[in-house]
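Right, one structure below, let's go through it.
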Amino acid sequence: MAATLEKWVGPGKVAQGLDIDVRHVARLGDKGVLRFRTGKRGREYPWPESLHAYLRYQIAEAIGSGQGNAAKLDLDEERAALLRVQRKREELKLAQEQEVLVPRAYMQQMHEQLVARLQAIVRAWPEQWMATLRIRGLDAESAELLLQLQEEALISGIHGAIADADPESDEDVLEDAA
């Protein structure tokens, strides 16, 4: 019954069906990979048997040349990479639990709160000092000049404190130390 489904075709049709060159079809026939018969117009190959034989040949070649092992190696590399990522996540989680590592979002929040508090102090500062200086008997112009000098010193100190507390600047310090 299988013989009735089999159709004998020329090398051009086989090459087209296997998406290979006609000369490659002839070499596969010479190697014994593809069965053929010699007809009135040259070699004829059974179809679809030639397709099945070619696929078996390709699989055997892939396994024999190590391409089958290459897929296994790729999978092993993927597993190793996944394990490295999982191990790193576990290390970070453990460091957070032991309070050795502070989450970046928490540091950013604390930085923003510090800046907001310092801004409130700086905004309230001139009025408080101006009242104190007037009570001590300084004229308004002298008090204003003294206040400006104090304000500049305070702002400079605050900028230094903010830079020291900035999580981004910590990374620069660590990079410079390395």
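The values are calculated or read from the model by the stated rules, or taken from the named source; none is laboratory data. Quick caveat, the model's predicted, so the values are computed rather than measured. For the accessible areas, the whole protein counts, side chains as well, though only heavy atoms, and no ligand, DNA or RNA atoms are used. Shrake-Rupley method; radii C 1.70, N 1.55, O 1.52, S 1.80 Å.
Taking a cut-off of 28 Å between Cα atoms, list the lysines near K31, but don't count ones fewer than 8 places away on the same chain.
Leaving aside lysines fewer than 8 places away in the same chain, those within reach of K31 are K7, K13, K40.
Can you sort H111, H24 by solvent-accessible area, 1.4 Å probe, largest first?
Of H111, H24, the descending order of accessible area is H24, H111.
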